[in-house]
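All remarks here apply to the structure that follows.
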Amino acid sequence: MLMILLSVAGACAYGVADFLGGLASRKAHVLRVVVISAPASLAIELVLLPILGASWTAGSIGWGALSGVASAFAFSLLYLALSIGPMSVMAPITAIVSALLPAVVGLLDGERLPVAGVAGIPVALCAIVLVTMNRQTAAEKIPMRAIAVAVLAGAAIATQLITLDAAPHDSGVAPLIVGRTVSSLLVLSVVLFVRTSHKGKVPVVIAAAAGCLDSLANLFFLLAAREGMLSVSAVIVALYPAATVLLAAVVLKERIRRNQWLGLAAAAAGVVLLSTASSAAS
């Protein structure tokens, strides 16, 4: 049950971080937002270091560095996909790929799900589609390039999750610190060479909060994967768009459509099924 709670917490943290990052990016160039959020996310992990500890082994450093490279690519590809294709199509593609690949890796690694878990995965994937899909884009012609980039973004996010899970389970927050350091350096180096618009003032507090929540989301996922099965925790974490949609409705007064209500219900059902499967497996 602890794994389920940690996974849900990770999904909520990712969803809120995306919402805050989106708000900040509406007011300033996204790369200028990252200049604030990246150091803030690293600072959170350094604060957690004396509490959770870290083991600086070759495994924790190596897998952590790989997760950082994947994270940098994931960020770049995700925003590229959202800029060249409709968000209501790009978001579910990215989330579904980021859920499926870790699930497949977990199953190939020997994880076995009971019937409830086998049913819970497709229910959760349907929830992602329903929560994020906009009917107005159904008739639009989506560029194949946009779809390809969205798939690659999902694969990069999945790679980040898989590599974090592959780090030694007794390594504490070492993989997170190494990964965030690597990804921050890569993103910041890009900022130095890319000319960005200085129109608009960066909302520092919102950008920093987004970075802090992203770090907490990574921590929740890492602890969940260590506690239980990668195939279950990754799928639940991929339900993060539900939190973003709910926040948009509460804060921005965006209307939740019928299909989104169905998606939220499906998300709850998927979590229940996967939690039942996790309990049965343990």
Quiz item: Do we have V34 as under 15 Å from the mean Cα position of the chain (by Cα) and in a helix (DSSP H, G or I) here?
Solution: no
Exercise. Give the number of residues within the range 213-242 that are in a helix (DSSP H, G or I), farther than 18 Å from S41 by Cβ and among the small types (G, A, S).
Key: 6
Self-check item: Odd one out for L273, checked against (1) closer than 21 Å to L100 by Cβ; (2) within 20 Å of the chain's Cα centre (by Cα)
Solution: (2)
Quiz item: Which one of these does S189 not meet: (1) surrounded by fewer than 19 Cβ atoms within 10 Å (Cβ to Cβ); (2) modelled with pLDDT of 90 or more?
Solution: (2)
Practice problem: Would you check which residues across the range 141-156 are assigned to a helix (DSSP H, G or I) and either in contact with a helix residue (DSSP H, G or I) (Cβ under 8 Å, 6 or more places away or on another chain) or in contact (Cβ under 8 Å) with a residue 40 or more places away in the chain (or both) and list them? | Solution: R145, A146, I147, V149, A150, V151, L152, A153, G154, A155, A156
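Would the range 141-151 turn up any residue that is among the small types (G, A, S), surrounded by fewer than 15 Cβ atoms within 10 Å (Cβ to Cβ) and modelled with pLDDT of 80 or more? Even if it seems obvious, please write down each step before you answer.
Initial filter on the range 141-151 (among the small types (G, A, S)): 146, 148, 150.
From what is left, the residues that are surrounded by fewer than 15 Cβ atoms within 10 Å (Cβ to Cβ) are 148.
If we keep only those that are modelled with pLDDT of 80 or more as well, we get 148.
Checked the range 141-151: at least one residue is among the small types (G, A, S), surrounded by fewer than 15 Cβ atoms within 10 Å (Cβ to Cβ) and modelled with pLDDT of 80 or more.
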Quiz item: surrounded by fewer than 21 Cβ atoms within 10 Å (Cβ to Cβ) and either modelled with pLDDT of 75 or more or not in a helix (DSSP H, G or I) (or both) - does that describe any residue in the range 75-85?
Solution: no
Quiz prompt | Residue satisfying all of: in the range 237-268; more than 26 Å from L223 (Cα to Cα) and polar (S, T, N, Q); surrounded by the most Cβ atoms within 10 Å (Cβ to Cβ) among these | solution = Q260
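In contact with a Gly (Cβ under 8 Å, 6 or more places away or on another chain) and over 19 Å from V16 (Cβ atoms): is that true of V173 in this structure?
So V173 fits the description; yes.
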Quiz prompt | Residue satisfying all of: in the range 12-58; more than 17 Å from S71 (Cα to Cα) and among the polar types (S, T, N, Q); surrounded by the most Cβ atoms within 10 Å (Cβ to Cβ) among these | solution = S25
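Against the definition (assigned to a loop (DSSP other than H, G, I, E, B) and not basic (K, R)), how does P168 come out, yes or no?
The answer is yes for P168.
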Quiz item: Could you give every pair whose Cβ atoms fall below 9 Å, whose first residue belongs to the range 157-170 and is touching a residue at least 12 places away in the same chain (Cβ under 8 Å) and surrounded by fewer than 22 Cβ atoms within 10 Å (Cβ to Cβ), and whose second residue is aromatic (F, W, Y) and in a helix (DSSP H, G or I), counting only separations of at least 6 or pairs across chains?
Solution: T159/F73; T163/W63; A166/W63; P168/W63
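The values are calculated or read from the model by the stated rules, or taken from the named source; none is laboratory data. Since this is a predicted model, take the numbers as computed values, not measurements. A quick note on method: Cβ atoms are made from the backbone with ideal geometry, for glycine too, and the neighbour counts reach across all protein chains shown.
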